[in-house]
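These notes are about the structure you will find just below.
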Amino acid sequence: MPDLTPSIRSALRSSTLLALVLGFGLSLASADQVQAFGAPESFAELAEQISPSVVNITTSALIAGPADGMPMVPEGSPFEEFFDDFGGPGGGGTQRSEALGSGFVISEDGFIVTNNHVIEGADEITIEFFSGKKLPAKVIGTDPKTDIALLKVEAEEPLPFVTFGNSDLMRVGDWVMAMGNPLGQGFSVSAGIVSARGRQLSGSYDDFIQTDAAINRGNSGGPLFNMDGQVVGVNTSILSPNGGSIGIGFSMSSNVVTKVVDQLKQFGETRRGWLGVRIQDVTPDVAEAMGLAEASGALVTDVPDGPAKDAGIAAGDVITRFDGQPVADAGDLTRRVADAPIGEAVPVIVQREGRTETLAVTLGRREEAEAAALPASGPAPEAPKEMESLGLTLQPLDDDMRSRLGLEADVEGLMVMAVDPASEAYTKGLREGDLITEAGQQRVSRLVDLEDRISEARDAGRQSILLLIRRGGDPRFVALSIE
């Protein structure tokens, strides 16, 4: 072996040391099962595979006509904003207006999924396929609560279609690809990653995948694919200060969509389970006030007549398991109940006054349930006897107040006459006219009742007390500090 200069020998020693360090690091990474994946070299093959199943949707409806000389443009068109700047459509009789959206074929016999808001109010729906062929579509069923609609076209030949994947398997950081008809530009592909899971916007059944794949107006109803070409979401909305994509898009998870689509296909409507409770999340301060070990489950705030009441569920119960599965929060329970079978008894486990109880509840159908609501409460008149506590000015509910508020004679509680704007109570949303019916999960009708409950909570070493507040028939629990 030839003689090496000192500099080369030093470099070799450094390289050997680096290799040892890297090798050690790699062995540690392997032991911890840490893996890193590079970006796909191309999305071309995937796009080519699934493009024939994605469709453009054009809807038409009669609306009030435009002002004289003002042309009509399809909703989602790149020219829409230009004409909006000049006043937008105005009066002038009726005129047919078009709107644009996206969708995807889920069966060879022509069932198509899109957003409800894409086709809502339309009297004509046209489907344009990747090949350029156009077919009229009819509405099979819609679900405004999840913003999903199911359409059907009659084609002479079997149609290319895509299948749903399991959205629960998607991880933050996984690659996804969106397809659709952004701003009326026709078939378009964008790619990104899953930015977040389990996003809730405004619906009771929301379970959105957040992605930074570009989604714009016109993409609504289009599919979000995983790298196996399966639909894991339906592109529904974006968060944007200017109406265009800034990398915050939301796709309704496929595991929600598939259940809705199955029901729409079978019944033409949804058939969700109904438990018959009003619920809220168990926050850390509520958990502390109730002496719970952890802030999880769904806290029952009210039980109107219905399945839950028949089974013995009561306000103040914390539902921790439903049909054998743990309940993370109120939204989780709502979705689980909706998916449960109607007319069948399911086990429900609740935490009640420090003990666990299992109850069997036979679920009703939510769509048929009549929501029970108490009359709206409002500011109560002045009364001579009152108390200031927890940042609240309180008076016992009397017959005059009940009469003014339209309450039943047996309704009891403490009326909030005023709220200190600097208090925790104000920060947590209490306002004049609210009615406190429980404190420490016990009924209160006199001012001394509240004082006793506060004293009991302090004696038990608790830092807060749980109040049941009613406002306009909408009950909720609020935990206020008593230190």
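The values are calculated or read from the model by the stated rules, or taken from the named source; none is laboratory data. These numbers were taken from a predicted model, which means no experiment stands behind them. Note: ideal-geometry Cβ built from the backbone for every residue, glycine included; neighbour counts use all protein chains shown.
Structure values in brief
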read-out: Matching option when the condition is modelled with pLDDT under 95, outside the structural domain of residue 127 (by TED's automatic domain parsing) and closer than 15 Å to residue 106 by Cβ, among 186, 222, 218; value: 222
read-out: Subset of region 448-480 [surrounded by fewer than 17 Cβ atoms within 10 Å (Cβ to Cβ) and more than 27 Å from the chain's Cα centre (by Cα)]; value: 448, 451, 452, 455, 456, 458, 459, 460, 461, 463
read-out: Selection count, region 309-359, where residues are among the small types (Gly, Ala, Ser), over 30 Å from residue 258 (Cβ atoms) and surrounded by 20 or more Cβ atoms within 10 Å (Cβ to Cβ); value: 1
read-out: Criterion: assigned to a strand (DSSP E or B) and in contact with a strand residue (DSSP E or B) (Cβ under 7 Å, 6 or more places away or on another chain) - qualifying residue of 173, 141; value: 141
read-out: Filter result for the condition that a residue is more than 27 Å from residue 124 (Cα to Cα), of a type outside the set (Asp, Glu) and buried (at least 20 other Cβ atoms within 10 Å of the Cβ), over 195, 190; value: 190
read-out: Residue selected from region 161-173 under the condition out of contact with any Asp or Glu (no Cβ under 6 Å at 6 or more places or on another chain) and crowded, with 16+ Cβ neighbours inside 10 Å, by the criterion nearest to residue 40 (Cα to Cα); value: 170
read-out: Candidates 264, 374, filtered to the one that is touching a Gly at 6+ places or on another chain (Cβ under 6 Å) and at pLDDT 90 or above; value: 264
read-out: Condition broken by residue 356, with the remaining ones in (1) closer than 23 Å to residue 474 by Cβ; (2) part of a strand (DSSP E or B); (3) of a type in the set (S, T, N, Q) satisfied; value: (1)
read-out: For residue 241: the one exception among (1) closer than 19 Å to residue 367 by Cβ; (2) assigned to a loop (DSSP other than H, G, I, E, B); (3) out of contact with any Ser or Thr (no Cβ under 9 Å at 6 or more places or on another chain); value: (1)
read-out: Residue in region 128-145 that is basic (Lys, Arg) and under 24 Å from residue 203 (Cβ atoms) present; value: yes
read-out: Failed criterion for residue 178 (all others in (1) part of a loop (DSSP other than H, G, I, E, B); (2) more than 17 Å from residue 143 (Cβ to Cβ) hold); value: (1)
read-out: Residue in region 454-461 that is more than 23 Å from residue 288 (Cβ to Cβ) and either in the same structural domain as residue 285 (by TED's automatic domain parsing) or at pLDDT 85 or above (or both) present; value: no
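Each row is one residue, and each column tells you yes or no for (1) small (Gly, Ala, Ser); (2) free of Cβ contacts under 8 Å to residues at least 24 places away in the same chain; (3) closer than 17 Å to residue 47 by Cα.
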position	(1), (2), (3)
211	no, no, no
219	no, no, yes
223	no, no, yes
232	no, no, yes
237	yes, no, no
244	yes, no, no
249	yes, no, no
255	no, no, no
